[in-house]
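No value in this document is a laboratory result; all are computed from the given coordinates. Please read these numbers as outputs of a predicted model, since none were measured by experiment. Cβ coordinates were reconstructed from backbone atoms using ideal geometry, including for glycine residues, and neighbour counts include every protein chain displayed.
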Amino acid sequence: MTLQQLRYILELSKHNSISAAAQALNIAQPSLSAAIKDLETEFALTLVKRNRHGITFTSAGLEFLHYADHILTHADEMHDHFHPEIGQEASHTLTISSQHYPFADEAFIHALQRISPTSAYTFTLREGRTSQVIHDVVTRESQLGILFLSHMNENFLQDLFQKNKLEFTSLCTFTPCLYVRLDHPLAESQSIAPSKLKDYPCVRFEQGHDRSQFSEELLLSDPSSRQSIYVTDRSTLFSVIRATDAYTIGTGHIAPAIIGRHITAIPIANPLDTMTVGWIKIKEESLPPEALLYIDILSGLLTGRE
């Protein structure tokens, strides 16, 4: 199997005949037919079937196309990274995975605004469970992961970071706060004791099969709420809070442009823990300028410099 053969089969998928694909590739039809036959022999598969209307891909052929496209995409990225064309402007790339934090979105938008509108760039922001954030960085799907450490999860996560050759850099430490709508019965409180929450539903991010140490919010010493609502995305979480007497727990950082102006944050009284927000990356690997820019913007937002 060669990259050229994969490019041939991918081009063939865009046409309904071998002759049309060969013409688009500027090669002889027998050369394309031979390349397909070689692949079918190597993998013991029938990739295409010929009929009076042209060709159709078999189910195995369609699956083969998926893998071929994946391989060629990474091959092209590898080529562009190590052999950029002379005189061609380098493409800006930023890939971030984060827990469901509004400030991660806010920093992402600010980073986009710093890039020239005429520049070539690919920016990606993934929001997901803590375990997914770590997985994305370990597998290099993301350059950075944004999450928090607390007294409860620090030993567990630091051990996990060590095993996966990751390093954590803290940005800011927060006292946990309650997020509620502006006209919530508790909205005027200066601080909230956990015992006052028993009559209000708590909105949390669904953790799947993850362990409690992967939780995206602090677990209160008094888990007093009798009603729980689980969601998988931040938009739904804040929509529920705006429409009901539900609450959630987080850093207390408010990003009105992201979550709207109808949410307020109230400190939790006498908290037993704190939330240290930071970022993870692969140890001993340098970060590209775009990732460093994002970190600087995020740090500024969290500390009030932005």
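Between residue 292 and residue 58, the modelled labels are 5.3 nm apart [label points 7 Å from Cα along Cα→Cβ]. With K and R counted +1 and D and E -1, the other residues having a Cβ less than 11 Å from that of residue 56 yield a net charge of +2. Label separation (residue 15 vs residue 257): 4.8 nm, computed from points 7 Å beyond Cα along the C-beta direction. The calculated 222 nm mean residue ellipticity attributable to helices in the chain amounts to -12000 deg cm²/dmol, summing -39500 (n - 2.57) over DSSP H runs of n ≥ 4 and dividing by all residues. Note that the chain shows a convex hull volume over its alpha carbon atoms of 196 Å³ per residue. Taking the charge dipole of the chain about its Cα centre, with +1 at Lys and Arg Cβ atoms and -1 at Asp and Glu Cβ atoms, the residue from 57, 236, 295 reaching farthest to the positive side is 57.
Charge dipole (Cα centre; +1 on Lys/Arg Cβ, -1 on Asp/Glu Cβ; no other charges) of the chain amounts to roughly 620 debye. For segment 49-173, a crude dipole built from +1 on the beta carbon of Lys and Arg and -1 on the beta carbon of Asp and Glu, taken about the Cα centre, is about 500 debye to the nearest 20.
For residue 209 and residue 226, compute 0.36 nm times the residue count separating them, minus their Cα-Cα distance, and round to one decimal in nm. Before the final figure, lay out each step's value.
Details: separation 17, 0.36 × 17 = 6.12 nm, distance 2.18 nm.
Extending this stretch completely gives an extra 3.9 nm.
Multiplying the residue separation of residue 49 and residue 139 by 0.36 nm and subtracting their alpha-carbon distance yields 28.7 nm.
Per the Debye formula on identical point scatterers at the alpha carbon atoms of segment 1-111, with no solvent, log10 I(q)/I(0) at q = 0.12, 0.20, 0.21 Å⁻¹ is -0.60, -1.02, -1.09. A simple count of charges around residue 75, restricted to other residues whose Cβ falls under 13 Å of its Cβ and scoring Lys, Arg +1 and Asp, Glu -1, yields -3. Applying 1/(1 + (r/R0)^6) with R0 = 35 Å to the Cβ-Cβ distance of residue 3 and residue 159 gives a FRET efficiency near 0.30. Within a Cβ distance under 14 Å of residue 34, other residues only, what is the Lys/Arg minus Asp/Glu net charge? Cβ neighbours under 14 Å give a net charge of -2. Computed from the C-alpha gyration tensor, the three semi-axes of the ellipsoid equivalent to segment 109-213 are 31, 23, 13 Å, from longest to shortest.
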